[in-house]
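Colleague: Please see the structure below; I have some questions.
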Amino acid sequence: RLRVGVLALQGDVREHVRVLTSLGADVDLVRRPEELSRVEGLVIPGGESSVIDKLSRAFGMQHPIREAIRSGLPVYGTCAGLILLADRITDGIEGQETFGGLDVTVRRNAFGSQVESFETDLDVPALGEPPVHAVFIRAPLVEEVGQGVEPLATLDDGRVVAVRSGSLLGTSFHPEVTGELRFHELFLDTVRAAAGRN
Ligand code: GLN
């Protein structure tokens, strides 16, 4: 069985644990460097990116997570987790940092106050049919995509809301709250490949 972690500093940790467990993975809550070192992949949940950023620094996790990403650990970030994977963010709070790794620019709270939350069906060619029912909650948007970053899903107007780059995966929305399993399956495929398992 694959051993994967969910960064458990803040956010919708439990929902990710439930999905990953239902897909047959062993799931650890990760709050400390030694817990990080035991997992073969990491999920960064939705929540509040500035809080997860601050707590990760307070818990001495920023550096280990950056190192792990650099050495190829598969990481999947949803919403706040996507923000934390971005190399560049706009509309962050004063002093907000990210782990980075994804060569993208992400705008926090990109949908403004009027439509902070909405749901829509997204075509995701990499996942095939049926479309993904996506829930956006004060969601970020990927505004610039660097070389080597593959957009996986766009809104009708072409704005990018899911990306993949090497072993990193990020979505603006929350598959973990809708019973959508395919993004987590894609993540676990990456974990299996990176761990050299079949
Ligand atoms: N707006 C939040 C942030 O900046 C993200 C919201 C979410 O994860 N649902 O981190």
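The values are calculated or read from the model by the stated rules, or taken from the named source; none is laboratory data. Just so we're clear, the structure is a prediction, and the values are computed from it rather than from any experiment. Positions of Cβ are backbone-derived with ideal geometry, glycine not excepted, and every protein chain shown enters the neighbour counts.
Colleague: Which pairs turn up if I take residues in region 82-97 that are in contact (Cβ under 8 Å) with a residue 60 or more places away in the chain and surrounded by 14 or more Cβ atoms within 10 Å (Cβ to Cβ) and look for partners that are of a type in the set (A, V, I, L, M, F, W, C) and assigned to a loop (DSSP other than H, G, I, E, B) with beta carbon separation below 9 Å, at least 6 apart in sequence or on another chain?
Modeller: Final answer for the pair search is 82/139; 85/99; 86/99.
Colleague: For region 134-198, which fully contained strands (runs of 3 or more DSSP E) count at least 3 residues that are farther than 23 Å from residue 93 by Cα and under 11 Å from the mean Cα position of the chain (by Cα)?
Modeller: Where strands (runs of 3 or more DSSP E) fall fully within region 134-198, none carries at least 3 residues being farther than 23 Å from residue 93 by Cα and under 11 Å from the mean Cα position of the chain (by Cα).
Colleague: Which one is surrounded by the fewest Cβ atoms within 10 Å (Cβ to Cβ), of the residues in region 9-23 that are out of contact with any helix residue (DSSP H, G or I) (no Cβ under 8 Å at 6 or more places or on another chain) and touching a residue at least 24 places away in the same chain (Cβ under 8 Å)?
Modeller: 22
Colleague: Which one is surrounded by the most Cβ atoms within 10 Å (Cβ to Cβ), of the residues in region 42-57 that are within 12 Å of the ligand (Cβ to nearest atom) and of a type in the set (Val, Ile, Thr)?
Modeller: The selected residue is 44.
Colleague: Also, quick follow-up: Going through region 61-76 one residue at a time, which ones are assigned to a helix (DSSP H, G or I) and either buried (at least 22 other Cβ atoms within 10 Å of the Cβ) or touching a residue at least 12 places away in the same chain (Cβ under 8 Å) (or both)?
Modeller: Matches in region 61-76: 62, 64, 65, 66, 68, 69, 70.
Colleague: Considering only region 107-130, I want to know if a residue exists there that is in contact with a Gly (Cβ under 7 Å, 6 or more places away or on another chain) and within 15 Å of the ligand (Cβ to nearest atom).
Modeller: Yes, some residue in region 107-130 is in contact with a Gly (Cβ under 7 Å, 6 or more places away or on another chain) and within 15 Å of the ligand (Cβ to nearest atom).
Colleague: Look through 57, 66 and report the one residue that is at pLDDT 95 or above, under 24 Å from residue 104 (Cα atoms) and in contact with a Phe, Trp or Tyr (Cβ under 6 Å, 6 or more places away or on another chain).
Modeller: 66
Colleague: While we're on this one: Within the group 170, 148, which residue is more than 16 Å from the ligand (Cβ to nearest atom) and not polar (S, T, N, Q)?
Modeller: Checking each option against the conditions leaves just 148.
Colleague: Just the residues that are out of contact with any His (no Cβ under 9 Å at 6 or more places or on another chain), under 22 Å from residue 168 (Cβ atoms) and of a type in the set (A, V, I, L, M, F, W, C), please, taken from region 87-123.
Modeller: 89, 99, 102, 104, 106, 110 - these are the residues of region 87-123 that are out of contact with any His (no Cβ under 9 Å at 6 or more places or on another chain), under 22 Å from residue 168 (Cβ atoms) and of a type in the set (A, V, I, L, M, F, W, C).
Colleague: Could you please let me know if residue 107 is within 26 Å of residue 23 (Cα to Cα) and not aromatic (Phe, Trp, Tyr)?
Modeller: In short, no.
Colleague: A further question on this structure: Filter region 139-159 down to the residues that are crowded, with 17+ Cβ neighbours inside 10 Å and touching a residue at least 40 places away in the same chain (Cβ under 8 Å), then identify the one that is nearest to residue 118 (Cα to Cα).
Modeller: Step by step, filter region 139-159, then rank; the result is 139.
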